[in-house]
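Peer 1: After the structure tokens below, expect a handful of questions from me.
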Amino acid sequence: MEESTTEVTINQAKLRIIQGDITQQDTEAIVNAANPSLMGGGGVDGAIHRAGGPAILEECKQIVSRQGRLPTGKAVITGGGNLKAKYVIHTVGPIWHGGQKGETELLASAYQESLKLAAENNIRSLSFPSISTGAYGYPVAQAAKVAVGAVTAFLRQSPTSVREVVLVLFDSQTFSVYLSALKEQ
């Protein structure tokens, strides 16, 4: 079976959609779908903390002691610890409450703030998981549209240091949904 991957070029930057494990990506940064406490947890968050080791948690604790819990839709950056990625950008996606509580805007903000932070730190490549679609219950089809829309909108703006964005999806079903969202762009 060939590796599931699709790539488009937007404003000289590449947007790739792949099926894989976010903790194994060798992009310069990976994005963590964190919770507001930044203390690790289940799903992607727990996997990144486990793979990256205690250095990431230590940096997260320092951030929280400086600025408090991370609000939904915002992002912060730490080193990558033991990961292949040099940095981890932690962002908090919204919990799904039926779609009438600003979830779309907050989810788009989580992607945009992560991308802005990457650009501010001259990061050339970063990988995103499917934010908010696990424990936070965001419907995958809607989340995929928001994710692809936010990333393409960011890349279409003026060129930044960001040359490659990879949406890393854990299973083939989620991969297919993101693929459809990309085709609809």
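The values are calculated or read from the model by the stated rules, or taken from the named source; none is laboratory data. On a predicted model such as this, the values are computed, not experimentally measured, just so you know. With ideal geometry, Cβ positions are generated from the backbone for all residues, glycine too; neighbour counts draw on all protein chains shown.
Peer 1: For the range 55-66, state whether one or more residues are assigned to a loop (DSSP other than H, G, I, E, B) and not basic (Lys, Arg).
Peer 2: no
Peer 1: So which residues in the range 91-122 are crowded, with 18+ Cβ neighbours inside 10 Å, of a type outside the set (A, V, I, L, M, F, W, C) and out of contact with any helix residue (DSSP H, G or I) (no Cβ under 7 Å at 6 or more places or on another chain)?
Peer 2: 103, 109, 113, 114
Peer 1: Take the residues in the range 35-48 that are in a helix (DSSP H, G or I) and either polar (S, T, N, Q) or surrounded by 24 or more Cβ atoms within 10 Å (Cβ to Cβ) (or both); name whichever of them is farthest from the chain's Cα centre (by Cα). Let's see the steps before the verdict.
Peer 2: Step one: filter the range 35-48 for residues in a helix (DSSP H, G or I), giving 43-48.
From the residues that got through so far, the ones that are either polar (S, T, N, Q) or surrounded by 24 or more Cβ atoms within 10 Å (Cβ to Cβ) (or both) too are 44, 48.
Details: 44: 10, 48: 12 Å.
Residue satisfying both the conditions and the ranking: 48.
Peer 1: Can you tell me how many residues in the range 5-34 are within 14 Å of residue 88 (Cα to Cα) and buried (at least 21 other Cβ atoms within 10 Å of the Cβ)?
Peer 2: Matching residues across the range 5-34 total 11.
Peer 1: Moving to a separate point now. Might you let me know whether the range 18-31 holds any residue that is assigned to a helix (DSSP H, G or I) and charged (D, E, K, R)? Step through it out loud before you land on a result.
Peer 2: We begin by selecting, within the range 18-31, every residue assigned to a helix (DSSP H, G or I); these are 22-24.
Checking the rest, the ones that are also charged (D, E, K, R) come to none.
For the range 18-31, residues assigned to a helix (DSSP H, G or I) and charged (D, E, K, R): absent.
Peer 1: Among the residues of the range 120-161, which ones are modelled with pLDDT of 95 or more, over 23 Å from residue 45 (Cβ atoms) and outside any helix (DSSP H, G or I)?
Peer 2: 122, 124
Peer 1: Across the range 136-174, which residue is farthest from residue 10 (Cα to Cα) among those that are loosely packed, with under 15 Cβ neighbours inside 10 Å and in contact with a helix residue (DSSP H, G or I) (Cβ under 6 Å, 6 or more places away or on another chain)?
Peer 2: Among them, the one singled out is 141.
Peer 1: While we're on this one: Would you mind stating whether residue 73 is surrounded by 13 or more Cβ atoms within 10 Å (Cβ to Cβ) and on the phi > 0 side of the Ramachandran plot?
Peer 2: Taking the combined requirement at face value, the residue satisfies it.
Peer 1: Residues being without any contact (Cβ under 8 Å) to a residue 40 or more places away in the chain and in a helix (DSSP H, G or I): count how many of those fall in the range 162-185.
Peer 2: Matching residues across the range 162-185 total 5.
Peer 1: Right, here's the next one. For residues that are touching a Phe, Trp or Tyr at 6+ places or on another chain (Cβ under 8 Å) and among the hydrophobic types (A, V, I, L, M, F, W, C), tally how many sit in the range 1-21.
Peer 2: The total comes to 2.
Peer 1: Which residue pairs have Cβ atoms closer than 6 Å, lie 6 or more positions apart in sequence or on different chains, and pair a first residue in the range 118-139 that is closer than 18 Å to residue 155 by Cβ with a second residue that is surrounded by fewer than 24 Cβ atoms within 10 Å (Cβ to Cβ) and among the charged types (D, E, K, R)?
Peer 2: 123/28; 124/28; 124/163; 125/28; 125/164
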